[in-house]
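Only the coordinates and a few stated rules stand behind these numbers; no lab work does. The shown structure was predicted, so the numbers you read here are calculated from the model rather than taken from an experiment. Every residue, glycine as well, gets a Cβ built from its backbone with ideal geometry; the counts of neighbours run over all protein chains shown.
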Amino acid sequence: MKLACLLCAVALAWPTTSLAKPLFQPWIDGTGAAEPQMQVQRFDADTFVIRQSVKTNFEAPFLYLLFGKDRALLLDTGAGGLKIRPTIDGVIDGWLRARHRSSIPLVVAHSHGHGDHRMGDAEFKDRPDTTLVGLTPPDVAGFFKIADWPDEIVAFDLGGRVLDIIPTPGHQPAHIMVFDRRTRLLLSGDSLYPGRLYVPDGQMATFRESIDRVVAFTRGKRISHLLGAHIEMAAVPRKDFPDAAPTHPNERALELPYADLTELQAAVHAEGDPPQRDAHPDFIVFPLPPRPPVKPAG
Ligand SMILES: [Zn+2]
Ligand SMILES: [Zn+2]
């Protein structure tokens with residue numbers, strides 16, 4: 001009993017993030033002499049997370065490739081400076097081979113329309129059996145059949161694998177988050193990741209409403225992890241790398257706990273418009289003035 005209480009006290013005192021085993025092997029972070037232009041890691045047999053090397057573009061975004069029985073979804077196409085399609089096609093070919101299949105339709109959509117998430121779009125325009133979703137809110141709403149943007153959340157079925165598409169404008173007008181009911185992952189794009197959450201001037205109210213929408217939707221859904229589109233923080237609470245840093249030594253893990261979503265909600269409700277820079281252990285709310293653009297593609 002005494003020992004149990006002691007362990008209990010230690011567990012309570014210890015930061016939970018330190019105890020959690022990382023979901024992924026270390027990501028390429030620019031510190032190695034040679035690293036591939038893209039790194040693919042498997043979450044499960046139908047779920048792949050792909051990082052673009054910071055050596056090809058300082059944004060070093062993450063892309064997500066999800067398979068259902070009837071189609072696959074690629075979320076984002078990178079920041080440019082490389083060809084991404086050979087890597088994506090390689091993952092798809094491997095998935096098909098393992099299932100003795102010859103093809104699967106591909107949908108290419110975006111967490112949002114910023115340049116660091118769509119520069120590979122042109123590579124998919126002539127790809128067979130591929131639908132490239134547009135970049136504006138009407139494009140996104142039209143494809144996913146969202147009649148009441150941004151208030152309506154719709155299901156999108158990959159075939160035995162239903163995703164929920166959650167409009168989350170604020171960081172950018174066409175931003176969406178994607179909840180995967182199978183893995184219970186929430187793909188949170190640039191609205192929540194371990195780094196600077198840029199809220200453009202005049203968009204705080206919209207951003208806040210979006211975070212409220214996601215919190216209301218996810219309550220009780222037992223989100224497993226939040227996976228965003230960048231890492232800009234070190235494995236030290238509140239510490240971010242400089243903007244456009246060429247390397248990310250001792251980088252924080254990609255995944256965030258669900259508690260960070262409600263922490264962000266509380267943070268944005270405490271902020272005015274424009275927000276002040278507000279550093280939390282796992283993310284930093286960051287005002288983005290309209291001109292001059294501090295981070296035009298971020
Ligand atoms: Zn962005
Ligand atoms: Zn971005």
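Among the residues of region 64-87, some residue qualifies, meaning at least one is buried (at least 22 other Cβ atoms within 10 Å of the Cβ), on the phi > 0 side of the Ramachandran plot and within 16 Å of ligand 2 (Cβ to nearest atom). The set of residues from region 242-267 being touching a strand residue (DSSP E or B) at 6+ places or on another chain (Cβ under 8 Å), without any contact (Cβ under 8 Å) to a residue 40 or more places away in the chain and part of a loop (DSSP other than H, G, I, E, B) comprises just one member, N250.
Checking the structure you have, find out if any residue of region 148-161 is in contact (Cβ under 8 Å) with a residue 24 or more places away in the chain, more than 15 Å from ligand 2 (Cβ to nearest atom), outside any strand (DSSP E or B) and among the hydrophobic types (A, V, I, L, M, F, W, C). The answer is yes; a qualifying residue exists. Taking residues in region 212-237 that are under 18 Å from D278 (Cα atoms) and among the small types (G, A, S), and partners anywhere that are within 16 Å of ligand 1 (Cβ to nearest atom) and not in a loop (DSSP other than H, G, I, E, B), the pairs with Cβ atoms closer than 9 Å and at least 6 places apart or on different chains are A234/D240. The set of residues in region 176-223 being crowded, with 18+ Cβ neighbours inside 10 Å, part of a loop (DSSP other than H, G, I, E, B) and over 15 Å from the mean Cα position of the chain (by Cα) consists of Q203 alone.
Take the residues of region 109-147 that are of a type in the set (K, R) and out of contact with any Ser or Thr (no Cβ under 9 Å at 6 or more places or on another chain): which is farthest from ligand 2 (Cβ to nearest atom)? Spell out how you get there, then give the answer.
Of region 109-147, the ones of a type in the set (K, R) are 118, 125, 127, 145.
Next cut, out of contact with any Ser or Thr (no Cβ under 9 Å at 6 or more places or on another chain) only: 125, 127, 145.
Working: K125: 22, R127: 23, K145: 26 Å.
Selected residue: K145.
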